[in-house]
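This report refers to the structure that appears directly beneath it.
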Amino acid sequence: MSSSVETFDGLRRRYFLIYLVGQVAFLAAWVVRLVLRETTALAVWLDTALAIVLLLAVLVLFYSLLGLNKIRRAVVSDPALREALYDELVRLNWERAWKYGFLAAMAGLAFFAVFNFLSPVKDVFAFILTTFFAGASGYAFAFYRLDRS
Amino acid sequence: MRRGERLTNTLKVQRARMDWSQEELARRIGVTRKTVNTIENGVYIPSTYLALKMAKAFGTTVEELFQIPE
């Protein structure tokens, strides 16, 4: 079982890194697009380029989530393997990562509060979504770092 | 693990005594090799349950495995 645990652990880390790359690319393109759109400085060519980045990021996210789900399905029938793969350190890192996700969301809110002060926000829903994405990215980034340390 | 809290441990010595690799110990107590590594290096303090499992695997006591540094 041990080699299976190490194989799945390596796979999980790989897919999670891919997920993180997708998440960061998505967030970066999303924020740039949102800020430029709000300040009415978004050129058509740049809007198209950012839309392509967003689409690619979604594809990357989809691919990584499929991979992570494949691992979850592979270990679900083997309780010992599942227990070893999601051991107490992994579960602790999940919990600790939540804190960083929350802080990232708060940082996102603070950023947009300042932004709103300088230039009143038109699309409030998009800003709320962005805060959510920032929280999710913060969570993913924190988990990856904790898992590596 | 709170900041400043550390435990010394004799995992490496015990593993050498049993001629086990980290992977072998991980297999016996049902965790990943990385978890064993972080415990052995003092980065992570295991739960009481896992500490007891380790002690049982080595046929020793938790106190023999983990100590509060003087």
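The values are calculated or read from the model by the stated rules, or taken from the named source; none is laboratory data. Treat the numbers as computed from the prediction; the structure is a model and nothing was measured. Reconstructed Cβ throughout: ideal geometry from the backbone, glycine too, with neighbour counts over all protein chains shown. Keep in mind that these areas ignore ligands, DNA and RNA; they rest on the heavy atoms of the full protein, side chains included. Shrake-Rupley method; radii C 1.70, N 1.55, O 1.52, S 1.80 Å.
Before moving on, here are some points about what is shown:
- Computed from the C-beta positions of A:Ser4 and B:Glu70, the FRET efficiency with R₀ = 45 Å rounds to 0.65.
- Within the accessible area of chain B (1.4 Å probe), percent carbon and sulfur: 50
- Using a probe of 1.4 angstrom and keeping all protein chains present, the accessible surface of the protein assembly as shown works out to 59 square angstrom per residue.
- In plain terms, the chain from A:Leu46 to A:Arg14 could stretch by 8.4 nm, reckoned as 0.36 nm per residue minus the Cα-Cα distance.
- Other protein chain C-beta atoms within 10 Å of residue C-beta, averaged over A:106-116: 0.
- Between A and B, roughly 1200 Å² of accessible area is buried in total, ligands, DNA and RNA not counted and the probe set to 1.4 Å.
- Peptide B:18-26 - average C-beta neighbours from other chains (10 Å radius): 2
- Within the stretch B:1-61, the GluC sites (Glu not before Pro) that combine a DSSP coil assignment with at most 11 other C-beta atoms in a 10 angstrom radius are B:Glu5.
- Rounded to the nearest 0.05, the FRET efficiency derived from the C-beta distance between B:Thr48 and B:Val13 at R0 = 25 Å is 0.70.
- Protein heavy-atom surface of chain A, 1.4 angstrom probe: 73% of the accessible area is carbon and sulfur, with nucleic acids and ligands not counted.
- Peptide A:85-93 shows a mean partner chain C-beta count of 5 within 10 Å per residue C-beta.
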